[in-house]
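All remarks here apply to the structure that follows.
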Amino acid sequence: MAAIAALTTGGVAIGDSVVLVTDRDNTLIQDQFTNLSLGIGPYMFAGRVGPNGEGMLRRAVMRFDIASAVPAGSTITAASLKLWMAGTNSGNQTMVLRRLTRDWGEGNSFAFGGLGAPAEEGDATWQHTFYPTEFWDAPGGDFVSVVSATKTVGGVNFYTWGSTAQMVLDVQSWLDNSTANFGWILTGNESALQTVKKFSTREDELEANRPRLTITFTPPPPPNPADLNNDGVVDGADLGLLLAAWNTPGPGDLDNNGVVDGADLGLLLAAWS
Ligand SMILES: [Ca+2]
Ligand SMILES: [Ca+2]
Ligand SMILES: [Ca+2]
């Protein structure tokens, strides 16, 4: 089941784990006068830029479609995020992942560099969740204070956040309530100039460099066919349904021979909770 779901979303399933690429990613570009974004650019940025960019902040936002790839009712046991850091002018910086609390978009703005491009309809910007009509409560993104994961990021390389207990909680919550899945925001060192780091997005031509979330999970137990009313237990209520259908085709024809009889009663009693 997981494998089928993953194939339909471009993921790769390995047993009870799945690897997902972001289904949207973008950069919030701090700017007081214009609305800039990087909706379909190949890179996203986090940290503070240098004097050429007036020392403004960048924050990367990313989301993964958990519910399309992990069976409902599963228990998440691990979650780790791998990003390709493609360029920087600074050394080690602490990069922090936190859960976003408001939905945001990815429009058609495109640029290769971190200066961004004019926002297009539906783009997230420093001010907007969806340009031009919807806004963050707090410019720069609405997110929880609790840290999901941190990673020290230095030179060009792959970097992995987690798995951490908080990332597992985040992903579980996104599975259980996909309408509140707004993904993570990645922030860098915002207290010094020229700390910004450049990461590949899902639009990077090199597939291997795209943001990847590896999730491992325990699928829910298969439904018990003797649980005729699907309430999770086999008990008197199910027995009543079976007896009410005695000598008919069902419900309760557990051995699928076309009639409810003593053989089915035996199967139901053997599966008694
Ligand atoms: Ca994107
Ligand atoms: Ca039942
Ligand atoms: Ca039967």
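Read-outs throughout are calculated quantities, based only on the coordinates presented, and are distinct from any laboratory measurement. Note that the structure is a prediction, hence the values are computed from the model and not measured. Virtual Cβ from ideal backbone geometry, glycine too; neighbours counted across all protein chains shown.
Our summary of shape: the Cα atoms of the stretch 223-273 have principal axis extents of 25, 17, 15 Å, ordered from largest down, in whole angstrom. Result for the chain in a Gaussian network model with C-alpha springs under 10 Å: among 158, 45, 182, the largest mean-square fluctuation is at 158.
Quote the relative contact order of the chain in percent (integer), defining contacts as alpha-carbon pairs under 8 Å separated by 6+ residues.
Working: 719 pairs, mean separation 71.2, N = 273.
Averaging sequence separation for qualifying contacts and normalising by length gives 26 percent for the chain.
Using a 10 Å cut-off on Cβ atoms, rank the peptides 257-268, 219-230, 29-40 from the highest mean neighbour count down.
Values: 257-268: 15.7, 219-230: 13.2, 29-40: 20.2.
Ranked by mean Cβ neighbours within 10 Å, highest first: 29-40, 257-268, 219-230.
For the stretch 30-171, the percent of C-alpha pairs falling in each 5 Å distance bin, counted from 0 to the bin holding the largest distance, reads 2, 9, 17, 20, 20, 18, 10, 3, 1, 0. Charge tally around residue 156: other residues with Cβ under 15 Å, Lys/Arg +1 each, Asp/Glu -1 each, net +3. Largest mean-square fluctuation among 205, 120, 190, in a Gaussian network model of the chain whose springs join Cα atoms under 10 Å apart, belongs to 205.
Give the peptides 121-129, 106-114 in descending order of average Cβ contacts within 10 Å, highest first. Mind showing how you got there, number by number?
On the way: 121-129: 23.7, 106-114: 18.7.
Order by mean packing, descending: 121-129, 106-114.
Histogrammed with a bin width of 10 Å, the alpha carbon distances of the stretch 134-273 distribute as 9, 23, 20, 12, 13, 15, 7, 1, 0 percent, first bin at zero. Under 5 Å between amide hydrogens, built in the peptide plane, is the criterion, and for residue 77 it picks out 216, 217, 218 among residues at least 5 positions away or on other chains. Taking Cα atoms only, the orientation of helix 165-176 departs from the longest principal axis of the chain by about 60 degrees. The overall shape of the stretch 92-142 is oblate: from the C-alpha gyration tensor, with semi-axes ordered a ≥ b ≥ c, the ratio a/c is 1.5 or greater and a/b is no larger than b/c. Highest-first packing order for the peptide set 167-177, 83-93 is 167-177, 83-93, based on the mean count of other beta carbon atoms within 10 Å. Computed over the chain with a Gaussian network model linking Cα atoms closer than 10 Å, the most mobile of 96, 70, 234 is 234. For the chain, the percent of C-alpha pairs falling in each 10 Å distance bin, counted from 0 to the bin holding the largest distance, reads 7, 26, 27, 15, 9, 9, 6, 2, 0.
Residues whose amide H falls under 5 Å from that of residue 117, counting only those 5 or more places apart or on a different chain, are 37, with hydrogens built in the peptide plane.
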